[in-house]
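Peer 1: Questions regarding the structure given below will be posed in turn.
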Amino acid sequence: MSKGPAKVVTGVVMALLIGSFALWGIEDVFRGGGSSNVASVGNTEISSEAYMEAYRQRTAAITRQTGKGITPEIARAFGLDKQVLNALLADATLDNRTVKYGLGLDQQKTVQAVVNDPNFQVSRTPGQPPVFDPVAFRQLLQENGLSEQGFFNRQRQVYVRGQLDQAFAEGGPVPVALQQAVARYSQEKRNISYFVLPQSSVGDVGQPDQKALQSYYDENKGSFRTPELRGLTYLLVTPADLAKQANVTDADLKAAYDSRIASYSKPETRAIEQISFPTPAEAKAASDRIGSGQTTFDALVTERKLKPEDVDLGTLAKTQISDPKIADAAFSLKEGATSAPIQGALTNVILKVTKVEPANVAAFDSVKEEIRQALVAERSGEVLRKLRDEIDDERMGGTSLKDIGAKLKLPVASAAGIDRQGRDQAGKPVDVPLQAQVLPALFSTEQGSDPEAIDGREGGLMWFSLDNVVPSRDRSLDEAKSDVIAAWAADQRVQRLKDKADDLVKQMNGGKALEDVAKGLNLQVMPAWNLVRNGENQPVPPATVSVVFATPLKGFASSLAANGTDRIVLHVEDNVIPDVDLKAPETVAQAKHISQGVGEDLMSEYVRKVQADLGTTINQTAVDRVVGGGSGL
C-alpha cells in the first residue's frame, strides 16, 4: 500500500466518497462469463465466477507471501478449495439472515466506515494518528482488480455482516477454573537432556531386489507420475516498453511546470507566539507596557506563568491561520517584532514573530526530472489503456496473440511445455515472466478460453493463451527406475534410523542411562531447559517439543530432528508449573482468546443451523472445473 503524501480533509473526502457512489465506474467486482453456479444456500447462489475470483485471490495472496506458486494439488492438500467455498457459503448464509432481520447500512455510513478502516489509512507524520489516504485506497482497488462501485457494494455487505457477527464476537465470561487450567497447561515448562542420532549411523542400505523394487513402485506409483505439461503463447508489455512510447519533450516539461507551479512552491511561513487575554482592555494594557519599555513579550509569558506550549502556535503559512485578523497581523510583522493588541473572532491576543521563512519556488531545473517521471507515468497509463483496449478487441475477434503481436509490433514468445512448478519435461526451469501469477492462471484455464491479462505491476502486463495440454500419466517402472530406487533408499534410511532410535529408547526404559547410551555411540548429550508448548526460538524443533510434552516425566522418547533426516533421542528430566496470576497480561490475553473462540464456535454453529434450515447444495462438477478436478468436497 502506498505511503505517499496525500492531502486529506475529512469533510471534502466524505463528500467525494459519498458522491462517488453514483458516479464512479459501472463495473462489478467479479468479471467473466458463464452461468453455472458452484453452490447455493436457500435461494442465494454462488457463481463459478465468484468462486474462481475468491480462489484466485486466496492463492495469489499465498503466492505473494511465500514466493511460490500454489498448484491445485497443494491447494487441495491443505484444503484451500474447501476453505474458500465454505467462506463464500458462510457469507451467503449471513447475507440471507441480514435481509431477514432488516439489517443495513446507508451510503454515508458505509463511506465513513471505509474512511475509518485501518486498511485505507497511513501515518503521514511520525507520532500522529493515521488518516484516510485516497491514494492508498485507489491503489488497493487496482491491485485487486476491483471497480469503485463494486468495492462499495461488497464492502457494505461486509459491514452489514459484521453487525450480525458482533452478536457472537464475545463468548461471555470465562470460568476461573478454566482460566487456571489453560494457564497451567500453556505455561508449564519442561527440561530435557538429549543427543542427536545422525542418519549416517545406519550405514549403507544397499539396493532393493526386483521384488522389493516392484512392491515399492506399486505402493507409491502416484509419486512417480509425469507432471501435466501445458504450452502457452504470451505477449508481455513492461513499463519500459510503455515509457518508450510516452514521448515527453522539453516543451512538455516546461508547460507542466508552469501549470503546476503551485505544487513546486513553498509559501512564506512564520514561527508565531501568542498570548491571549480575557478582554480587549487587558490586551491593550499589556501592549502599552511593552510599548513603553516596562516589560517584554517574553517577560509577560513568565509573569503570567505560561508554558512554552501555551504560547507557541508553531510555524505556519498564512492560510493555516483560521482568524483573518490574526493572520493579517502576524504576516505584517518583521522578524522579532511584537504586535499591537488584536481583537480576534474568539480571543484577544498579542503576537510575536520569532522567525520568518520566505516563500520559495523550486527552480525548473531542480524539478525537471521529477516532472518527466510524472508525465511518463501519466502518458504510459494512457498508452497502456489504449493498448489494452486494442489487444482485448483483437482477442474478442478471434485474432491469435502471435498475429496481434505482429500487427502492433510487440514481441510474442512461447513455452512448449511447462509444469506447475515452472519446469519442462526434463525437469529444467523454464524462463517465463511473472511465473508466480501466470502458472496458477495457466493451470486453471480451459483450452479455448480467453484468460484475463496478468497484471504483474512493475513486472508488466501479460496476455497469454493455452496452446496445448499434455496430461499427467503413470511412468512404468523401467522409466522411473532410478527415481524409484532413490526414493526406496531414502525411505529405508528413515525407517532404519527410527528403528534404531526406538531400540535405544527401549534400552533406556529398561534402566540404561541416556548419558551411557550416548557415550557408547560417541555422541554428545545436550540440555534444553524451560521448553514451553508454544514457544519460539527454542533449542529443539516444534515437533520435538510436542513429543516432550506427550512423554511422561522421567520418560524417554525420540523425534525427527530439524534437518528432516536425523533423530533426537531425549529424556524428560522434570517440569515446572508456575503459580497462576489471573491478572497477568498473558493470562488475561488467554481468557480473551478463549472467549473469542467460544464466540466463533457459536457463530459456526449458528451458520450450520441456518444452512441446514435453508438447504445447502454444492455443484461438485462446477467446483472441479475451477480448481482442477478431484477436490472431494
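The values are calculated or read from the model by the stated rules, or taken from the named source; none is laboratory data. Since the model is a prediction, treat every value here as computed from it, not as a measurement. Neighbour counts are summed over all protein chains in view; Cβ atoms, including those assigned to glycine, are modelled from backbone coordinates with ideal geometry. Remember, those area values only see protein heavy atoms, side chains included, never the ligands or the DNA or RNA. Shrake-Rupley method; radii C 1.70, N 1.55, O 1.52, S 1.80 Å.
Peer 1: With viscosity set to 1.567 mPa s at 4 °C, what whole-number translational diffusion coefficient in µm²/s follows for the range 232-362 from Stokes-Einstein and a Kirkwood radius over Cα pairs?
Peer 2: 71 µm²/s
Peer 1: Could you work out the longest stretch of the chain that avoids the GluC sites (Glu not before Pro) located in DSSP loops with at most 16 other Cβ atoms within 10 Å?
Peer 2: After excluding every exposed loop site, the longest remaining stretch is 28-169.
Peer 1: Further, regarding this structure: Ordering Ile618, Ile272, Ile62 from largest to smallest accessible area (1.4 angstrom probe), what's the sequence?
Peer 2: The ordering from most to least exposed comes out as Ile618, Ile62, Ile272.
Peer 1: Related question: Roughly how many Å² of Met508 are accessible to a 1.4 Å probe, to the nearest 10?
Peer 2: 10 Å²
Peer 1: Let me ask something additional. If I histogram all Cα-Cα distances within the range 441-550 using bins 5 Å wide from 0, what percent of pairs lands in each bin?
Peer 2: That works out to 2, 8, 9, 10, 10, 8, 7, 8, 11, 10, 7, 6, 4, 1, 0, in percent per bin.
Peer 1: What Rg and what Dmax come out for the range 408-491 when only alpha-carbon atoms are used, in angstroms?
Peer 2: Cα only, the range 408-491: 16.6, 55 Å (Rg, Dmax).
Peer 1: Within the range 313-342, find all residues whose amide N lies under 12 Å from a label point positioned 7 Å from the Cα of Val356 along Cα-to-beta-carbon.
Peer 2: 330-338
Peer 1: Related question: Ranked from the most accessible area to the least, with a 1.4 Å probe and all protein chains present, what is the order of Phe556, Phe152?
Peer 2: Final ranking, largest accessible area leading: Phe556, Phe152.
Peer 1: Estimate the FRET efficiency between Gln57 and Arg388 by the formula 1/(1 + (r/R0)^6), using the beta-carbon distance for r and 35 Å for R0, to the nearest 0.05.
Peer 2: 0.95
Peer 1: Tell me, what is the 1.4 Å probe accessible area of Ile261, in Å² to the nearest 10?
Peer 2: In the full protein context, Ile261 sits at about 60 Å².
Peer 1: For the Cα atoms of the chain, what angle does the longest principal axis make with the long axis of helix 10-23, in degrees from 0 to 90, nearest 10?
Peer 2: 60 degrees
Peer 1: Follow-up. Under 24 Å between alpha carbons, and skipping anything fewer than 8 positions from Lys305 in its own chain: which lysines qualify?
Peer 2: Leaving aside lysines fewer than 8 places away in the same chain, those within reach of Lys305 are Lys284, Lys352, Lys355.
Peer 1: Just the projected area, averaged over all directions, of the convex hull on the alpha carbon atoms of the chain: how many nm²?
Peer 2: Projected over every direction and averaged, the Cα hull of the chain covers 45.0 nm².
Peer 1: Here's a follow-up. Relative to the present Cα-Cα distance, how much length would full extension add between Gln596 and Ala262 at 0.36 nm per residue of separation?
Peer 2: 115.0 nm
Peer 1: If you don't mind, there's one more thing I want to ask. Using 0.36 nm per residue, how much length does the chain from Ala486 to Asp424 gain when fully extended, once their Cα-Cα distance is taken away?
Peer 2: 20.2 nm
Peer 1: Moving on. Over the heavy atoms of Tyr217, what accessible area does a 1.4 Å probe trace out, to the nearest 10 Å²?
Peer 2: 20 Å²
Peer 1: How much space per residue, in cubic angstrom, does the convex hull of the C-alpha atoms of the range 476-629 take up?
Peer 2: 241 Å³
Peer 1: Which aspartates and glutamates have a Cα less than 20 Å from the Cα of Lys402, not counting those fewer than 8 places away in the same chain?
Peer 2: Asp241, Asp389, Glu390, Asp392, Asp393, Glu394, Asp431, Glu446, Asp450, Glu452, Asp455, Asp467
Peer 1: Would you please report the Å³ per residue occupied by the convex hull of the alpha carbon atoms in the range 134-275?
Peer 2: Enclosed volume per residue, from the Cα hull, is 662 Å³.
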